[in-house]
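First the structure, in the form of structure tokens, and then the observations on it.
The values are calculated or read from the model by the stated rules, or taken from the named source; none is laboratory data. Source: prediction; values computed, not measured. Heads up, the Cβs are rebuilt from the backbone with ideal geometry, glycines too, and the neighbour counts pull from every protein chain shown. Side chains included, ligands, DNA and RNA excluded: accessible areas come from the protein's heavy atoms. Shrake-Rupley method; radii C 1.70, N 1.55, O 1.52, S 1.80 Å.
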Amino acid sequence: MTSTRGLITHLRHVGIAAPDFGRAAEFYRTTWGLTQVAEDSGIAFFGSPASPENYLLRVRKDDAKRLDVVSFGAVDPAAVDTLAEHVSRAGIRTDREPGTLDTPGGGYGFRFFDPDGRLIEISSDVEERDARPLERGESIPRKLSHVVFNSTDVLATKAFYEQLMGLRLSDWLADQMCFLRSGTDHHILAIAQGPHVSLNHISYEMRGIDEYMRGTGRLLRGGHDIVWGPGRHGPGDNTFSYFFDPFGNVMEYTTELETIPDEETWEPRVFEINAENSDQWGTANPITEVMIPAQFNDPDQGLWTPSPV
Ligand SMILES: [Fe+2]
């Protein structure tokens, strides 16, 4: 069977759901700096003026707090079909067979459950929006940078995304967290060993260091306690400021994520867990008893359950 390497191009969007939908939609629109691009009853879609992606985040009202769907872009419809074939042959539970998508921007895609029970979508040909570069000082997300999953079996989940989705390993943080890429960005997905399956965090890329700090400051001035940051990680070399959203999910502002200079010759590294690798600058608050459970989040209540949208 053909290889799946290179068929996934990028992280397209992430969907989350929770009961207090209105408060969360307000947070993302005002405080976090996303732009609402579409709305239906009980669901809102958010994008960025700097991203051609139809939307980056969707927030849906549901009795369960859950990760709704994580969507990855594929090269073209043939790539979608190839990935669907690999998933089907591996006996993975499919939610929707390849076909036309009825979410904003349409496109061609399919949905399945990954080994931990998360709903994953792969799509191509989604309608793009006009995008413009952000201006100096404009402290709103430019694009999605990456998503991080908590898994109870990091090796099995990593193997799935490498072997069936064609992602490649960039680095490890000890044996606790692995970083996977689809192109030259150091990671679009990371998988962390956790006590249960859940969303660890969603990361948004800012224009540069200045805009990342201005965004961090906007949250602080607005009375939002920083979970961890500001600082610069070892693996990925990216900056980080972590905050809670109103659902208790962790969101990150980041910038200057490392790029892999030569994908063919890249040798994954293993970073020790120590102060310098966690926070190169030494500016972030100490890792506390608040931060670790924050990243583990609540157990996901939507595993193995299709999303109605
Ligand atoms: Fe991150």
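Mind listing whichever residues of segment 143-174 are touching a helix residue (DSSP H, G or I) at 6+ places or on another chain (Cβ under 9 Å) and hydroxyl-bearing (S, T, Y)? S151, the sole residue that qualifies.
Residue-by-condition table, conditions (1) over 14 Å from the mean Cα position of the chain (by Cα); (2) outside any loop (DSSP other than H, G, I, E, B):
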site: E135; (1), (2): yes, no
site: S139; (1), (2): yes, no
site: T157; (1), (2): yes, yes
site: H196; (1), (2): yes, no
site: L199; (1), (2): no, yes
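Please work out which one of (1) open to solvent by less than 40 Å² (accessible area, probe 1.4 Å); (2) over 21 Å from V250 (Cα atoms) is the condition L189 fails and give its number. Failed condition: (2).
Looking across segment 31-59, just one residue is acidic (D, E) and surrounded by 21 or more Cβ atoms within 10 Å (Cβ to Cβ), and that is E53. Residues in segment 146-171 that are open to solvent by less than 10 Å² (accessible area, probe 1.4 Å), in contact with a Gly (Cβ under 9 Å, 6 or more places away or on another chain) and more than 16 Å from the ligand (Cβ to nearest atom): G166 alone. Scanning for something closer than 20 Å to P246 by Cα and not assigned by TED's automatic domain parsing to the domain that holds G183, does segment 80-93 turn up at least one residue? Among the residues of segment 80-93, not one is closer than 20 Å to P246 by Cα and not assigned by TED's automatic domain parsing to the domain that holds G183, which makes the answer no. In segment 200-248, the residue that is farthest from the ligand (Cβ to nearest atom) out of those that are open to solvent by less than 10 Å² (accessible area, probe 1.4 Å), out of contact with any helix residue (DSSP H, G or I) (no Cβ under 9 Å at 6 or more places or on another chain) and in contact (Cβ under 8 Å) with a residue 60 or more places away in the chain is E211. Entry remark, segment 9-35: residues being of a type in the set (G, A, S) and not in a helix (DSSP H, G or I) number 4 in total. The set of residues from segment 283-301 being assigned to a loop (DSSP other than H, G, I, E, B) and either more than 22 Å from T216 (Cα to Cα) or among the aromatic types (F, W, Y) (or both) comprises D298, P299, D300, Q301. The condition of being charged (D, E, K, R) and either part of a loop (DSSP other than H, G, I, E, B) or more than 22 Å from D40 (Cβ to Cβ) (or both) holds for D116. Here E135 does not qualify as away from the ligand (no atom under 16 Å from the Cβ) and under 16 Å from N54 (Cα atoms).
Annotation note: of A90, A78, the sole residue that is in contact with a helix residue (DSSP H, G or I) (Cβ under 9 Å, 6 or more places away or on another chain) and open to solvent by 50 Å² or more (accessible area, probe 1.4 Å) is A90.
Looking across segment 96-113, the residues that are within 20 Å of the chain's Cα centre (by Cα), at negative phi and part of a loop (DSSP other than H, G, I, E, B) come down to T103, P104. Within segment 249-262, the set of residues being in a loop (DSSP other than H, G, I, E, B) and either within 10 Å of the ligand (Cβ to nearest atom) or surrounded by 13 or more Cβ atoms within 10 Å (Cβ to Cβ) (or both) comprises N249, T255, E256, L257, E258, I260. In summary, N285 fulfils each of the numbered conditions (1) closer than 17 Å to L67 by Cα; (2) open to solvent by 30 Å² or more (accessible area, probe 1.4 Å) with the single exception of condition (1). In this structure, does G105 turn out to be surrounded by 13 or more Cβ atoms within 10 Å (Cβ to Cβ), closer than 21 Å to P308 by Cα and touching a helix residue (DSSP H, G or I) at 6+ places or on another chain (Cβ under 9 Å)? So G105 does not fit the description; no.
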